[in-house]
Structure formats: C-alpha cells, structure tokens
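Notes follow once the structure below has been shown.
The values are calculated or read from the model by the stated rules, or taken from the named source; none is laboratory data. These numbers were taken from a predicted model, which means no experiment stands behind them. Ideal geometry is used to build each Cβ from the backbone, glycine not excepted, and the neighbour counts take in all protein chains shown. Note: areas computed on protein heavy atoms with side chains; ligands, DNA, RNA excluded. Shrake-Rupley method; radii C 1.70, N 1.55, O 1.52, S 1.80 Å.
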Amino acid sequence: MILVIPDHNNNSFDISTFNLLNAACKFNSDIHVLIIGENIKDLAYKISKFRNVSKVFMADAPHLIDLLPENHADNILKIANNYTHIIFNDSFYGKSIAPKIAAKLDVAPVSGVMNIISNDVFARTMYAGSIIAHVRCLDPIKILTLRSCSFDNKNINNDINNCADIENITVSSDLQLSKLLKEKNREISSSIDLTEAKIIVSGGRGLGSKENFNNILMPLAKKLGAAIGATRVAVDEGYAPNSCQIGQTGKIVSPILYLAIGISGSMQHLAGIKGSKTIIAINNDINAPIFNVADYCLCGDLFDIVPKLSSYL
Ligand SMILES: Cc1cc2nc3c(=O)[nH]c(=O)nc-3n(C[C@H](O)[C@H](O)[C@H](O)COP(=O)(O)OP(=O)(O)OC[C@H]3O[C@@H](n4cnc5c(N)ncnc54)[C@H](O)[C@@H]3O)c2cc1C
C-alpha cells in the first residue's frame with residue numbers, strides 16, 4: 001500500500017499533489033493520502049473524490065497548521081508501518097520530514113526521485129545532477145521524495161463515483177515541538193509559481209545589480225508571461241529573493257522555455273534546469289558552460305540583447 005503526504009496550505013493542495021498521485025499509480029497498489037494541518041476537512045473531502053485514492057487520513061489540530069516536520073512526524077509514524085511506500089514532494093517540507101520519518105523507521109530515504117523504474121528501483125540524480133543513478137531500495141518501507149515536475153498529472157481527475165473513506169488520526173495535542181514565529185522572504189517575486197511555470201526568465205551575476213535585474217528582466221518576463229528565476233549568486237547578491245533561486249539548493253524547474261541571462265551554467269544551477277524543454281542562453285563569454293547545454297546560444301552583451309528582445313515582442 002502507498003501513502004502519499006501532500007504539501008498544502010490548509011486551503012488548497014500544492015499543484016505537485018496531482019503529480020505525486022499519478023506517480024503513486026505506477027506501483028499498482030492501493031493509494032492512501034494523509035493530510036496534516038488545521039481545518040482540513042474540505043481538503044480531505046476534495047482528495048477523497050480523486051480517482052485511485054482509496055482512503056484519506058487526516059490529522060487536524062491547531063498546532064499542525066504549519067508544515068513543520070517536528071510537529072507532523074508523529075502523525076505519520078502512527079500509520080507508517082502499514083505501507084510499502086511513503087511518498088513526499090521533493091519540496092523543503094518533503095526534504096526535511098522524509099529523513100526524520102526514515103530515521104525513526106530505521107530505513108534509508110531515497111530523495112529527488114525522477115522516475116519509478118519498479119517497486120524498488122528509482123532513478124535519481126547524484127553529484128549535483130551530473131549523473132542519473134538507478135537506486136535499488138531493499139528496505140521494507142520505502143521513503144521517497146519525488147521531483148513532482150518529472151511526473152505528469154494528466155490522468156488524475158475528479159471521479160464523482162469515487163468516495164474514499166476519510167478517517168481521523170488521534171492527534172496528541174501536547175506534541176507541539178516547534179513553532180513558526182515569523183515567515184521571512186515571503187516577497188512575491190512574480191505571480192507565477194516557478195515550479196509550474198511554462199516559461200522562465202532567469203538571471204545571474206551578469207545582471208550586476210538588483211536595479212538591472214528588475215529593469216532588464218521584468219519587461220521581458222511580463223511580455224512572455226514568464227516567471228522570474230535566479231542563480232544562487234544573484235540571490236546572495238540581493239538581486240532577487242530567495243524564493244527565485246533555481247538549482248541544487250533551490251527549486252527544480254521544468255518549463256517549456258528557460259531563458260538563462262548572464263548565467264555561467266554551473267553544475268549546481270544546471271541541476272535545477274535539466275527538465276527544461278528548450279534553453280536559450282544569453283552570455284558574453286563564448287566559453288560559458290551554459291552554452292554546452294543551451295539549445296539556442298546568443299553570445300553578446302545582455303544589456304543590448306535583452307531590451308531589444310523585449311521591444312520585438
Ligand atoms: C553546495 C552548493 C550549492 C549551490 N547551489 C546552487 C543553486 O542551487 N543554484 C545556483 O544557481 N547556484 C548554486 N551554487 C553556486 C554555483 O556554484 C555558482 O556559483 C552559481 O550558479 C553562479 O551563478 P551565476 O551564473 O549567476 O554567476 P557566474 O558564475 O559569476 O556567471 C555570471 C555569467 O554572466 C556572464 N556575464 C557577465 N556580464 C555579462 C553581460 N554584460 N552580458 C552577458 N553575459 C554576461 C559571465 O560571462 C558569466 O558567465 C551552489 C554552490 C555550492 C557550492
């Protein structure tokens with residue numbers, strides 16, 4: 001049996017949920033969903049109507065409102081032993097709670113799964129995305145974090161005839177081990193979520209300043225209806241908020257079109273953009289590594305090229 005633990009904000013599911021459910025279907029087994037949060041009855045009802053979901057558990061309590069592994073883990077452990085696979089999104093939440101659950105169950109988690117080859121063999125990237133390894137997991141309970149953008153969400157639909165049982169998990173109210181005091185870096189970078197974006201305009205150190213980053217990239221992104229991304233250097237230099245960072249320690253994206261502007265193409269950045277269908281790179285260094293992976297290479301000064309590009313659109 002498979003247990004899926006989705007990311008959500010207590011009102012709606014993260015878009016990755018449907019990719020996770022689709023991926024879970026590959027195991028040809030019963031799919032259960034556990035939702036942990038506050039006032040999540042509507043979410044539980046919604047997911048109970050999804051095809052292939054046969055049971056929904058909910059752990060509903062005020063101290064579970066934030067996606068904090070310390071508070072959530074106990075609720076997962078209450079039912080974990082009933083499952084062969086426990087699936088999380090490869091998000092900050094999934095990546096922080098999966099190892100905690102795995103340690104408590106004395107098994108090894110498999111993170112960043114890009115493909116399910118069989119019930120116990122999973123494809124995942126290693127060495128910052130430079131190789132894709134097929135890993136066999138022999139543990140009785142397989143704890144997986146899935147890169148949701150590697151799985152489609154096409155076959156997951158509402159099925160009016162499906163009505164999975166919904167069961168409450170008894171929550172220990174005294175188990176509040178951590179508390180979210182303040183959310184920082186919640187600056188909205190663009191209205192489009194990077195992990196869902198079809199087009200991404202992404203900038204690096206080549207932009208030189210926050211002002212340039214905004215003045216050069218924003219008009220192009222606006223015309224293309226694109227989300228804004230950034231390298232870690234661009235984030236560290238304060239050109240863009242943390243939520244824009246793409247790469248090994250940022251977000252993994254899979255747009256149809258990725259524009260890499262003033263980005264050298266370090267392996268850590270490439271680890272996050274491997275799923276892009278088409279990459280266009282703009283760089284004034286003919287030897288920039290990004291040109292080795294780009295489908296279209298524009299060698300020149302971004303301060304000339306990008307405004308011209310924006311004005312043509
Ligand atoms: C453990 C670890 C994790 C990391 N995780 C990440 C991660 O998640 N994401 C990430 O991005 N990085 C990550 N990094 C950092 C990574 O190694 C690189 O330092 C970073 O990606 C480089 O960013 P950049 O391309 O913006 O800067 P640079 O490498 O400095 O490249 C700037 C590019 O801009 C070009 N340029 C300059 N001026 C112009 C101009 N006028 N016109 C056109 N082109 C111009 C230059 O030719 C150059 O190629 C990580 C590093 C480590 C060690």
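Using +1 at the Cβ of each Lys and Arg and -1 at the Cβ of each Asp and Glu in the range 199-312, identify which of ILE273, TYR312, GLY238 lies farthest towards the dipole's positive end.
Value computed over the given set: ILE273.
Quick one: ranking TYR127, TYR312, TYR93 by accessible area, 1.4 Å probe, largest first, what do you get?
Final ranking, largest accessible area leading: TYR312, TYR127, TYR93.
Set the bar at 28 Å for Cα to Cα. Now go through LYS142/LYS198; LYS154/LYS274; LYS100/LYS210; LYS46/LYS95 and name every pair that lies beyond it.
In this structure, LYS142/LYS198; LYS100/LYS210 lie more than 28 Å apart at Cα.
If you place +1 on the Cβ of every Lys and Arg, -1 on the Cβ of every Asp and Glu, and leave all else neutral, what size is the dipole of the chain about its Cα centre, to the nearest 20 Debye?
440 debye
Where a ≥ b ≥ c are the square roots of the eigenvalues of the C-alpha gyration tensor, would you call the range 39-129 rounded, which needs a/c under 1.5, or, failing that, prolate if a/b is larger than b/c, or oblate?
Prolate is the answer for the range 39-129, as a/c is 1.5 or above and a/b outweighs b/c.
Between the range 87-149 and the range 208-228, how far is it from one alpha carbon centroid to the other, in angstrom?
Here the two parts' Cα centres lie 35 Å apart.
Please give the charge dipole size of the range 2-168, origin at the Cα centre, charges +1 on K and R Cβ atoms and -1 on D and E Cβ atoms. Round to the nearest 20 debye.
440 debye
May I ask you to give the average projected area over all directions of the convex hull of the Cα atoms of the chain, in nm² rounded to one decimal?
16.5 nm²
What is the sum of charges around HIS134, taking Lys and Arg as +1, Asp and Glu as -1, for the other residues whose C-beta is under 12 Å from the C-beta of HIS134?
+1
Can you work out the accessible area per residue across the range 2-168, with the rest of the protein chains kept in place, probe 1.4 Å, in square angstrom?
So the range 2-168 comes to 43 Å² accessible per residue, rounded to a whole number.
Tally up the carbon and sulfur contribution to the accessible surface of the range 201-313 as a whole percent, 1.4 Å probe, everything protein left in place.
Ligands and nucleic acids excluded, carbon and sulfur reach 52 percent.
Using modelled backbone amide H atoms (1.01 Å from N, in-plane), which distant-in-sequence or interchain residues come within less than 5 Å of HIS8's amide H?
ASP14
Taking square-rooted eigenvalues a ≥ b ≥ c of the alpha carbon gyration tensor, is the range 199-312 rounded, prolate or oblate, where a/c under 1.5 means rounded and, failing that, a/b exceeding b/c means prolate?
It comes out rounded by the Cα gyration axes.
Please tell me the relative contact order of the range 2-168 in percent, rounded to the nearest whole number, where contacts are Cα pairs under 8 Å and at least six residues apart.
Reported as a whole number, the value is 29 percent.
Carbon and sulfur together cover what percent of the accessible area of the range 1-146 at a 1.4 Å probe radius?
51 percent
So what is the relative contact order of the chain, in percent, for Cα pairs below 8 Å that sit 6 or more residues apart?
For the chain, the relative contact order is 15 percent.
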